[in-house]
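So the structure is just underneath, and the comments pick up after that.
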């Protein structure tokens, strides 16, 4: 099939998420990978929002800004999003006057009342219309609706199916004959997931038992998953603020429970003193930082990669920490797992950097897998310890860690500079330098196991595009398009961004960074820490995710 | 059997000589010994300040965290290992000021912890500024013309939120204080003990002057009488009602429903979540065709 993008646009509260979810699932059930991303305003009702579905023969997990099909559920949204419809694209709306030859008019609400019995089934009518326009057979939609609504009873299923049928039948004769190619069914199966859906599962698999968080978009889905699925075994508490959240998690961690929290930039700002505490008391913690545009409240429901350097520097004083930046929902599983492992082994805070785009967009993945084995605990064996000192000076800087109550050994943690036994000290001659060295040594060892970037022809291409985290799909697509036009382009994609892995990169190459921020934060890091000369920096900071067209436009 | 010697710790003490904090330390050791708690069964949690150093002077597990954040850390410890006796011991500036929000929400959560507030009515470690408890008009080393705001009355707040154990002791009366602390630590749910602890370095009033302001609640006090308890608590900061002001039968403690699912052990001891549960969650994300 030819790749196509379908935009469903409307106001918050009008059900476009429902329509988008059903239609994406129809393509997937039919054997085709769909990528679904949405952008919306920070409000409960009204405004302009869109759900964008991209379908192709192979997964295309990257945003597009041009629609082949635009379905507008209200006239305001139609006017607002109309420029996104490509020339010759198909416009679907409930009312005219629209005399374009590529316009399809379907009275969603009238058909819903007539066939479903209530106006609320307008979403099903719209889904039916979109399936017709997408070249899907109605039977696929019928199955998806039955599966989606079976828990709500037979009548709900009947009303949905009848309404969808009406939308499908209304659209079909209006679609120019032969222009909509029917898509043959395939027996391909995909996972359809967002990072906010995969991270909680990975955390539970890693043995996480405690999460405290304050609700903040776009991170809230993680704690919600633990509350919704008690079988995951993670205690989840809505804290009074982010300060409480991180301190609760550190208390739980000190008492032996794997613990995490999640937030966005503003909440992370409140957690920063706690991150420093984790560094000082050498207590593991995983923090998911789901980025959104700042400063301050910024654009609460939009996306950005603006907090890299903030996360990196977040915490007064000097102590090691790791920053991981997954690139897709499968990678989010792997990096979450790794975050708990690194936090536990090095007794440090580990931050998993996502963003609204990665947190909320649903990717189609050929496979979705959990690590084979559960994560080993790195608490020490109390039987092997004589006189216990929580901060015993060791060659690798890592002291045997016992938890409160694990044994008769007493565990003393202190946010002050401390002795090996964890008690306050102001011994500036021996202990302070030794404890600083101990913490720094952990950081030096950590560097050696940071994953190198994924390289695509980076060792031979003239131009190498560098990205990190969620921009992988867009950069890969841009590289593919440029190569198809005969340009010698490669890429480097980082998912472990701090400490930077040891890099061995060629000179004389044109390195360009691509990031969701205005100042080229990762470029600055590469220049200052790795001495890599960056020729150009492409930044997007309007609140929307980086797409291939943006990259191509900036390069041309 | 445990004796107070079991809690002896050879860490050099940084308190001023003669500080009433020593009285609190002794009273706490006595209460712990009376309850036959071994050092490893105890977790002391504190924030920052002179009072917050107490955990270093008593052999036990210690979480000496950030200024104002002792309570959330203690809540996390309580959830992760309810078998520990988790005791917060910190100052009024730390717990009522910097950590005031956490104090309020701890009252709602009712974790099974004891909170001991060393109340010296000022900030001592930072050299004598006003605390949330300093009376209006009191001159300090920052509020030179006298404090111009009213003091916080956090015991009243605790009683209003039905904290099931609210008491006040005096650091100069170790016998009575240890009796109160023993009852508080033995109580199931959040127990709050405020201890009047005159600052002998920066304070404007002598220990004896504080002693004269104490009003023991007396044996006939009905500690289940909320209105009376609030009335007594409202005497502060002019007079300090001492003893157990308010006590109710225990109510469900924090994380009770989670504990019903996983049992009462330390979370670190739990078996990993069954892999089939995790696989089912992953499979849920795969689309059938």
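The values are calculated or read from the model by the stated rules, or taken from the named source; none is laboratory data. From a predicted model like this one, the values you see are computed outputs, not experimental measurements. Positions of Cβ are generated from backbone atoms using ideal geometry, with glycine treated the same way; all protein chains shown enter the neighbour counts.
What the table below lists for this structure:
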quantity: Residues satisfying the stated conditions in the stretch B:58-74, i.e. over 21 Å from residue A:260 (Cβ atoms), facing another protein chain (nearest Cβ under 7 Å) and touching a strand residue (DSSP E or B) at 6+ places or on another chain (Cβ under 8 Å); calculated: B:60, B:61, B:62, B:64
quantity: Lone unmet requirement of (1) without any contact (Cβ under 8 Å) to a residue 60 or more places away in the chain; (2) buried (at least 17 other Cβ atoms within 10 Å of the Cβ) for residue A:173; calculated: (2)
quantity: Residues that are more than 18 Å from residue A:451 (Cβ to Cβ) and out of contact with any helix residue (DSSP H, G or I) (no Cβ under 7 Å at 6 or more places or on another chain), drawn from the stretch A:320-361; calculated: A:347, A:356, A:361
quantity: Any hit, the stretch A:331-342, residues being within 14 Å of chain B (Cβ to nearest Cβ), part of a loop (DSSP other than H, G, I, E, B), modelled with pLDDT of 95 or more and surrounded by 21 or more Cβ atoms within 10 Å (Cβ to Cβ); calculated: no
quantity: Entirely in the stretch B:197-289, the helices (runs of 4 or more DSSP H) that have 3 or more residues that are modelled with pLDDT of 95 or more and at the interface with chain A (Cβ under 9 Å from one of its Cβ atoms); calculated: B:256-262, B:275-283
quantity: Condition broken by residue B:68, with the remaining ones in (1) touching a residue at least 40 places away in the same chain (Cβ under 8 Å); (2) under 14 Å from the mean Cα position of the chain (by Cα) satisfied; calculated: (1)
quantity: Test: residue in the stretch A:240-248 that is at the interface with chain B (Cβ under 7 Å from one of its Cβ atoms) and surrounded by fewer than 24 Cβ atoms within 10 Å (Cβ to Cβ); calculated: yes
quantity: Subset of the stretch A:515-556 [under 16 Å from residue A:469 (Cβ atoms), out of contact with any helix residue (DSSP H, G or I) (no Cβ under 6 Å at 6 or more places or on another chain) and part of a strand (DSSP E or B)]; calculated: A:539
quantity: Criterion (under 21 Å from residue A:291 (Cα atoms), facing chain B (nearest Cβ under 10 Å) and buried (at least 24 other Cβ atoms within 10 Å of the Cβ)) met by exactly one of A:193, A:204, A:225; calculated: A:193
quantity: Boolean, residue B:179 is closer than 25 Å to residue A:406 by Cβ and surrounded by fewer than 21 Cβ atoms within 10 Å (Cβ to Cβ); calculated: no
quantity: Residue in the stretch A:367-375 that is at pLDDT 95 or above, crowded, with 20+ Cβ neighbours inside 10 Å and either touching a helix residue (DSSP H, G or I) at 6+ places or on another chain (Cβ under 6 Å) or farther than 23 Å from residue A:251 by Cβ (or both) present; calculated: yes
quantity: Residues of the stretch A:237-284 that turn out to be more than 14 Å from residue B:79 (Cα to Cα), assigned to a strand (DSSP E or B) and out of contact with any strand residue (DSSP E or B) (no Cβ under 6 Å at 6 or more places or on another chain), as a count; calculated: 1
quantity: Qualifying residue in the stretch A:489-499 (condition: loosely packed, with under 14 Cβ neighbours inside 10 Å, on the phi < 0 side of the Ramachandran plot and in contact (Cβ under 8 Å) with a residue 24 or more places away in the chain); calculated: no
